[in-house]
1. Let me confirm something: among 64, 107, 115, which residue is in contact with a strand residue (DSSP E or B) (Cβ under 6 Å, 6 or more places away or on another chain) and either at pLDDT 95 or above or acidic (Asp, Glu) (or both)?
2. Got a sec? Which of 164, 141, 174 is closer than 20 Å to residue 16 by Cβ, acidic (Asp, Glu) and in contact (Cβ under 8 Å) with a residue 12 or more places away in the chain?
3. Quick check on segment 232-267: of everything there that is surrounded by fewer than 24 Cβ atoms within 10 Å (Cβ to Cβ) and within 14 Å of residue 102 (Cα to Cα), which residue is farthest from the chain's Cα centre (by Cα)?
4. Identify all residues within segment 1-20 that are in contact (Cβ under 8 Å) with a residue 40 or more places away in the chain, part of a helix (DSSP H, G or I) and either hydrophobic (A, V, I, L, M, F, W, C) or farther than 21 Å from residue 210 by Cα (or both); write none if there are none.
5. Which numbered condition trips up residue 270, out of (1) hydrophobic (A, V, I, L, M, F, W, C); (2) crowded, with 19+ Cβ neighbours inside 10 Å; (3) not assigned by TED's automatic domain parsing to the domain that holds residue 77?
6. Residue under question is residue 134, and the condition is that it be at pLDDT 95 or above, surrounded by 16 or more Cβ atoms within 10 Å (Cβ to Cβ) and in a helix (DSSP H, G or I); does it hold?
7. Out of 88, 38, 8, 55, which single residue is at pLDDT below 95 and touching a helix residue (DSSP H, G or I) at 6+ places or on another chain (Cβ under 8 Å)?
8. For residue 302, are the conditions met, namely being part of a helix (DSSP H, G or I), within 19 Å of residue 130 (Cα to Cα) and assigned by TED's automatic domain parsing to the domain that holds residue 234?
Amino acid sequence: MTRLVVATRASRLALAQTQWVIDALKATHPGLEVAIHTVTTKGDQDARTELWKFTSSGLFTSQVEQAILEGRADFAVHSFKDLPTELTGGLRIAAIPRRHPPEDVLVCGRAIAGVEGLWPGAKVGTSSPRRIALLRSRRSDLEIVTVRGNVETRVIKVTSGLVDAVVMARAGLDRIGLSDRISCILDPMLFIPAPAQGALAIQCRGDDPAMPAILKVLDDPATRLVVEAERMVLSRLHPGCHAPVGVYANRIDDAIILSAFVAEMSARRVLRRQVRGPAARSLELANRLADELIGDGAVEILSQVETDE
């Protein structure tokens, strides 16, 4: 019998994701036993500070990675969008399972028709610079309220009346059984998600001779193709730790459409670009998209965002 230890954050969502991975591994590796090692990250320790005020990277991942490097865990499960594009030395992404739908959603207590369906002056909660910029670019009349905390905490902000709505990732709500709280799903071609949103990254030590083979059964090549293209665009832009950047790869048969935006949080300047071509050339297309954004002034915008923070 093989016994392994998996590192993860202790939130309900992180544990649900990790349990899904454990169950999937057990289904393909009879006799496998996996214990969960929970880790408190910097982002968990400080659930009040606005995300864009943190200067360090790996806010929700660094301490989990350290558990692998120090031998307290054999592998880890991350929300892929939380991992910095520059991967930590000594570690590798051994598997990227099939991606959950990547869209953002609105939770507001009643069904509405998108951001345009919010009433004038509505209080909308989020701490994501990307979501703030997207909201302001669509509705300058909305009042943006900083809301942090786990999925359940943010939903409670709505049900308790502290805010009228919150913007969240669909995947998080679905994974912990709160899909019924979704008021509407936002079009990812317009309200562009974070790179790799909805995807999981299963990480292990690069020098571990056994773990990559054990974890590889969960890897989904179609998901890997699109999320690596999204993260390539992000990597090329060299943004700060939490920047107003969205990238979405929409694959349709053998073709791929890559959409991206870069903005000031005030939404005074918003860049949008889109490229399309064969899915087999996804990384080439990602580099082309990044070149176009950089040519439009994306790096300058992001540099100004960091200065303003």
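1. Every option except 107 fails the conditions.
2. After applying the criteria, what remains is 174.
3. 251
4. Those that are in contact (Cβ under 8 Å) with a residue 40 or more places away in the chain, part of a helix (DSSP H, G or I) and either hydrophobic (A, V, I, L, M, F, W, C) or farther than 21 Å from residue 210 by Cα (or both): 12, 13, 14, 16, 17, 20.
5. That leaves (2) as the condition not met.
6. Spelling it out, residue 134 is indeed at pLDDT 95 or above, surrounded by 16 or more Cβ atoms within 10 Å (Cβ to Cβ) and in a helix (DSSP H, G or I).
7. 88
8. Taking the combined requirement at face value, the residue satisfies it.
The values are calculated or read from the model by the stated rules, or taken from the named source; none is laboratory data. None of these values were measured; they are calculated from a predicted model. When we count neighbours, we look across all protein chains shown, and the Cβ atoms used for this are built from the backbone with ideal geometry, even at glycine.
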